[in-house]
Structures are given as C-alpha cells and as structure tokens.
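Worksheet for the structure shown next.
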Amino acid sequence: MMTHHANIRSQQRGIPPMLVDLLMRFGTTEHAAGGAEKIYFDKSARKQIKSYAGPLASLLEEHLDIYAVIAGEGNVITIGHRTERIKRH
C-alpha cells in the first residue's frame, strides 16, 4: 500500500507502479531512521529480476536505481531515484 505522498512522488519522479511492485517483491531491505525501512535493488535483487523477467530484464535495467521508504505497517511512505550508493554500516 502506498501513501498519498508516495503516490504523488512516484508520479512526479516518473516511477511506474510496475517498478514499485518489483521493488516490493525482489528488493533488499535495510533499517532506516525512525524505525522505517529502506528497500532498493542490490546485485542479488537484479539477478532475481533477470531470472523473473527473462528477455525483458534488459529493458528494465536502466530503471532499477530506485528506492522506497516503508513504515512499520508496510506502507510505502516515499519513493525516489537513487543518486548515490547505499551506505552500509
């Protein structure tokens, strides 16, 4: 489920619902500030998408640099394009 804010951001940033579905299905999750979680496509997730989408995966590849922030209830709070690497601690 996406919040109103997340729906607006995905439209503003040109992120189609299909990519959000792929992100929720295959994305890697890590903890974020305030008890939320950040989900994104890492190398493993990209391999899973390649296996899942077959020949279409090459068309999706350039659109996979996105992330979403998810609240504790599982709602997508916001979504955007990654402009830098995810920093792991």
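Bear in mind these aren't lab numbers, they're just calculated from the coordinates by the rules spelled out. All values reported here derive from a predicted model rather than from experimental measurement. No Cβ is skipped: glycine too gets one built from the backbone with ideal geometry, and neighbour counts run over all protein chains shown.
Odds and ends about this structure:
- Long-range neighbours under 6 Å by Cβ, at least six apart or interchain, first residue among the charged types (D, E, K, R) within the range 48-60, second surrounded by 15 or more Cβ atoms within 10 Å (Cβ to Cβ) and part of a helix (DSSP H, G or I): Lys50/Ala57
- Test: Lys38 is surrounded by 15 or more Cβ atoms within 10 Å (Cβ to Cβ) and over 19 Å from Pro16 (Cβ atoms): yes
- Given (1) without any contact (Cβ under 8 Å) to a residue 12 or more places away in the chain; (2) in contact with a Gly (Cβ under 8 Å, 6 or more places away or on another chain); (3) of a type outside the set (Val, Ile, Thr), number of the condition Gly72 does not satisfy: (1)
To keep it simple, each residue is scored yes or no on (1) in a strand (DSSP E or B); (2) touching a Phe, Trp or Tyr at 6+ places or on another chain (Cβ under 9 Å); (3) of a type in the set (S, T, N, Q); (4) loosely packed, with under 10 Cβ neighbours inside 10 Å.
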{"residue": "Thr29", "(1), (2), (3), (4)": "yes, yes, yes, no"}
{"residue": "Ala45", "(1), (2), (3), (4)": "no, yes, no, no"}
{"residue": "Lys50", "(1), (2), (3), (4)": "no, no, no, no"}
{"residue": "Pro55", "(1), (2), (3), (4)": "no, no, no, yes"}
{"residue": "Ser58", "(1), (2), (3), (4)": "no, no, yes, no"}
{"residue": "Val69", "(1), (2), (3), (4)": "yes, no, no, no"}
{"residue": "Ile79", "(1), (2), (3), (4)": "yes, yes, no, no"}
{"residue": "Thr83", "(1), (2), (3), (4)": "no, no, yes, yes"}
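- Residues in the range 38-65 that are over 12 Å from Phe26 (Cβ atoms) and out of contact with any Asp or Glu (no Cβ under 8 Å at 6 or more places or on another chain): 9 in all.
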